[in-house]
Amino acid sequence: MDPAFNAADKDVLGASDNMKVSFIGVPVRVDANVVGTPTIDRILDNKSGSLLDYDLRLLTTIANRVGQTVKLHRMFLAAGASIG
């Protein structure tokens with residue numbers, strides 16, 4: 001099985017081969033459609049466990065706001081197209 005993170009990914013994170021890395025992604029939804037996925041990766045250690053809940057809440061908030069913004073932008077473009 002291929003590793004989830006390649007050497008370049010680990011280098012950016014500062015992780016070694018024996019370190020565990022978490023990867024969290026939350027879908028950006030516009031109505032029922034997924035239009036994107038913000039992600040966070042973090043080296044797992046004794047201190048990071050409590051941060052995973054924070055990461056998930058942060059990503060969820062961001063994804064919800066982006067989804068709302070995309071929907072409003074699309075509505076604005078559609079309204080402009082019908083006027084012009």
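Laboratory data are not the source of any read-out in this text; all were calculated from the coordinates shown. No experiment lies behind these values; they were computed from the predicted model shown. Every residue, glycine among them, receives a Cβ derived from its backbone with ideal geometry; neighbour counts consider all protein chains shown.
Taking amide H as placed 1.01 Å from N in the peptide plane, Val30 has its amide H under 5 Å from the amide H of Val35, each at least 5 places away in sequence or on another chain. Normalised by residue number, the volume inside the convex hull of the Cα atoms of the chain is 134 Å³ per residue. Residues within the reach of a label modelled at Leu77 (point 7 angstrom out along Cα to beta-carbon, backbone nitrogen below 18 Å), restricted to the range 15-38, are 28-37.
Sites listed here are trypsin sites (Lys or Arg not before Pro) in the range 46-84 whose DSSP assignment is loop and whose Cβ has at most 12 other Cβ atoms within 10 Å: Lys47.
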